[in-house]
Amino acid sequence: MEKCAKDQKELKFYIHTFGCQMNESDSERISGILTASGAKISDSPEKSDLIIVNTCAVREKSEEKLYSYLGNLASLKKSKKVSIGVVGCVAQLYRSKLLEKKPFIDFILGPDNYHRLSHILRNNQGEKFISTGWSPELHEIPHELVFRKSNISAYLTIMEGCNNFCSYCIVPFTRGREKFRHKHNIIREVQSLARKGYKEIQLLGQNVNSYKDPETGEDFSALLKEINHVDGIEWIRFITSHPKNFSKDFASAMKEAKKVCHQLHLPIQSGSSSVLERMNRGYTREEYLEKITFILDLMPNMSLSTDIIVGFPGETEEEFQETLSLLKEVRYTNIFSFRYSPRPLTAASREKDTVPFEEKKRRLIELQGLQKKLQLELNKSQVGCVIKVLCSGKSKKDPHIYTGRNEGHQVVNFKSQKNVTDKFIDVRITACGPYSLIGEVSP
Ligand code: 5AD
Ligand code: SF4
């Protein structure tokens, strides 16, 4: 590692984050650790002494984007003195091999090793540093240290890792087995966030439904119930739920806890039971649909979203058509859809990747085209309604246009004469597109 000649008080750092909300949240924790040791956040890599790249390994494309970004950093390092750290899932996956391939990298940290950052800053003598071990418990970084980007909505990791081993998924290899934060620490953090004025809590974990307090064994329903009692918090969300662990009892607990938004991300991955079996998902199409039925029976205004993979090994046209018919049946508010890519160490990567790239592309376009049509229909049904929106800020293009999310987590762009950033506001929906609602502040 480049020896940090500067005193840590002058050290400027920049974090580039790839991937999911958990990575965003981890980057906020990393920022907190660095700022607590005196370093300052910078708004560009060019102005920084330390650049940290927080990486995502879930799909081939995310890894390709990383290598292109690292290429830019390698050029930057030729023109100025800078330390480069690669952290997160790709760091965990390739460890020292990444250093061999990219010798300009100064340190590598896996997701379980961020608490070692201050040690790197303090004790570094210029040598390279790799830390990718696992610890049996989730590291509690003191919550006062987390440096959150938003003043109103907070990400909060409650569990990490996965025991499911879906056949396409690299996560169990990069995030390890399931580990849970202590409930009393989570509650303390939520209370502290409420005191600071946060209104929305987004609980994070690969499988939030399998949450168990390490001390008492209390489950996710109990945790939601307790967070629901924290004064000041108005909206509670969580991602990601596994359909296999989503029970009727949990749906009732969700309904009972009044601050829990009627929004649910429930990844199906495929509408075909035979593909689901090959994916090792642990449920059939019919079982998934039964769960959707009892959820909608209890909470008819539930906004549903999902993840879909097209072109999984052996996926036939008929199996793909089953995914299209499932979209029509469920009518999701939003979907995240991906072309299958083989990932190292996974069971599916040992199967032949039978669906050609062009065919995967065609299936993805068809799927997204259908969903766009369905979403537009759903969004049109909201025109004329007045809905509650949590405003996250101004539009960059027009100072009178603000943006935010409704309870269903849909993007709402709206006109307001007053600055309503970080506030809840009632918005009358006047128009829509497939991906957003458009409106004006309701008098
Ligand atoms: N190929 C394509 N998509 C994948 N996902 C996970 N692994 C792969 C893969 N190998 C998708 C799944 C998951 C989301 C986070 O990424 O849909 O839910
Ligand atoms: Fe990956 Fe499946 Fe675990 Fe989700 S449940 S992180 S898709 S292995």
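The values are calculated or read from the model by the stated rules, or taken from the named source; none is laboratory data. This is a predicted model, so every value here is computed, not measured. Quick reminder, even Gly has a Cβ in these numbers, built from the backbone with ideal geometry, and neighbours come from all protein chains shown. With ligands, DNA and RNA removed, areas are computed over all heavy atoms of the protein, side chains included. Shrake-Rupley method; radii C 1.70, N 1.55, O 1.52, S 1.80 Å.
Kindly indicate which of Leu138, Leu121 is out of contact with any helix residue (DSSP H, G or I) (no Cβ under 9 Å at 6 or more places or on another chain), away from ligand 1 (no atom under 16 Å from the Cβ) and modelled with pLDDT under 90.
Leu138
All but one of (1) hydroxyl-bearing (Ser, Thr, Tyr); (2) away from ligand 2 (no atom under 16 Å from the Cβ); (3) surrounded by fewer than 21 Cβ atoms within 10 Å (Cβ to Cβ) hold for Ser48, so report the exception by its number.
Condition (3) is where Ser48 drops out.
Could you tell me whether the stretch 376-386 includes any residue that is part of a helix (DSSP H, G or I) and out of contact with any strand residue (DSSP E or B) (no Cβ under 8 Å at 6 or more places or on another chain)?
yes
For the stretch 69-158, which strands (runs of 3 or more DSSP E) that fit wholly inside it have 1 or more residues that are open to solvent by 40 Å² or more (accessible area, probe 1.4 Å) and within 26 Å of Ile187 (Cα to Cα)?
By residue number, 153-157.
Wholly within the stretch 244-301, which helices (runs of 4 or more DSSP H) include no fewer than the required count, namely at least 2 residues that are more than 18 Å from Arg331 (Cβ to Cβ), open to solvent by 10 Å² or more (accessible area, probe 1.4 Å) and within 16 Å of ligand 2 (Cβ to nearest atom)?
Per the criteria, 273-278.
Output the residues belonging to the stretch 335-385 that are among the hydrophobic types (A, V, I, L, M, F, W, C) and within 16 Å of ligand 2 (Cβ to nearest atom).
The answer is Ile335, Phe336, Phe338, Leu345, Ala347, Ala348.
Name the single residue, out of those in the stretch 169-209 being crowded, with 17+ Cβ neighbours inside 10 Å and among the charged types (D, E, K, R), that is nearest to the chain's Cα centre (by Cα).
Among those residues, the one meeting the criterion is Arg175.
Scan the stretch 239-272 for residues that are out of contact with any Lys or Arg (no Cβ under 6 Å at 6 or more places or on another chain), without any contact (Cβ under 8 Å) to a residue 60 or more places away in the chain and more than 16 Å from ligand 1 (Cβ to nearest atom) and report the count.
Count: 13.
Looking at the stretch 159-190, which of its residues are assigned to a strand (DSSP E or B) and touching a residue at least 60 places away in the same chain (Cβ under 8 Å)?
Listed by number, the list holds a single entry, Glu160.
Of all residues in the stretch 128-173, which are within 30 Å of Glu277 (Cα to Cα) and touching a strand residue (DSSP E or B) at 6+ places or on another chain (Cβ under 8 Å)?
Those that are within 30 Å of Glu277 (Cα to Cα) and touching a strand residue (DSSP E or B) at 6+ places or on another chain (Cβ under 8 Å): Thr157, Ile158, Met159, Glu160, Gly161, Cys166, Tyr168.
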